[in-house]
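The values are calculated or read from the model by the stated rules, or taken from the named source; none is laboratory data. All values reported here derive from a predicted model rather than from experimental measurement. Reconstructed Cβ throughout: ideal geometry from the backbone, glycine too, with neighbour counts over all protein chains shown.
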Amino acid sequence: MKEIFVDKNIVIVGHYKSILEDAGILTLIRNEALAMTEVPTLAFYPSLCVMNDEDANRAIKILSDYQAKEKKTITGEDKICSECSESNPANFETCWSCSKDLD
Ligand SMILES: [Zn+2]
């Protein structure tokens, strides 16, 4: 078992766990119960572990790709609709104005 991610926010750790499970990687959250019931200190932050050490590199890659994508979504440039020229936030997939798919 290998620890690959730690965060004080159990929601994020749980979210990453589901991403890895979707990719077929067996995972486990340590300190989950402590995080729920006590004020967590760093030593007791919930941590995401892969059950098989050989999955660790792939899991880290998946999470860093996900984080990069998420960051890009938040900070990305507005998208200009090719149909009606309205400006849409970077995380929109369809135009708010005319519902055309955005690239
Ligand atoms: Zn549009």
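Here are a few things to note about the model shown:
- Single residue of the stretch 80-101 satisfying the filter (under 22 Å from the mean Cα position of the chain (by Cα) and either exposed (fewer than 11 other Cβ atoms within 10 Å of the Cβ) or modelled with pLDDT of 90 or more (or both)) that is nearest to Glu3 (Cα to Cα): Glu93
- Cβ-Cβ under 7 Å pairs, at least 6 apart or on other chains, the stretch 76-88 side acidic (Asp, Glu), far side outside any loop (DSSP other than H, G, I, E, B) and near the ligand (Cβ under 8 Å from one of its atoms): Asp78/Asn88
- Residue match in the stretch 40-50 (condition: in contact with an Asp or Glu (Cβ under 7 Å, 6 or more places away or on another chain), assigned to a loop (DSSP other than H, G, I, E, B), at pLDDT below 95 and not hydroxyl-bearing (Ser, Thr, Tyr)): yes
- Taken together, the residues in the stretch 92-101 that are within 8 Å of the ligand (Cβ to nearest atom) and touching a Ser or Thr at 6+ places or on another chain (Cβ under 8 Å) amount to 1.
- Screening the stretch 15-39 for residues that are modelled with pLDDT of 90 or more and of a type in the set (Gly, Ala, Ser) and picking the one that is surrounded by the fewest Cβ atoms within 10 Å (Cβ to Cβ) gives Gly24.
- Figure legend. Inter-residue proximity from the stretch 46-57: first residues free of Cβ contacts under 8 Å to residues at least 60 places away in the same chain, second residues part of a helix (DSSP H, G or I) and among the charged types (D, E, K, R), beta-carbon distance below 6 Å, spacing 6+ or different chains. Indicated pairs: Pro46/Glu32; Leu48/Lys17.
- If you filter the stretch 54-91 down to residues that are more than 10 Å from the ligand (Cβ to nearest atom) and in a loop (DSSP other than H, G, I, E, B), you find that the one that is nearest to Tyr16 (Cα to Cα) is Asn91.
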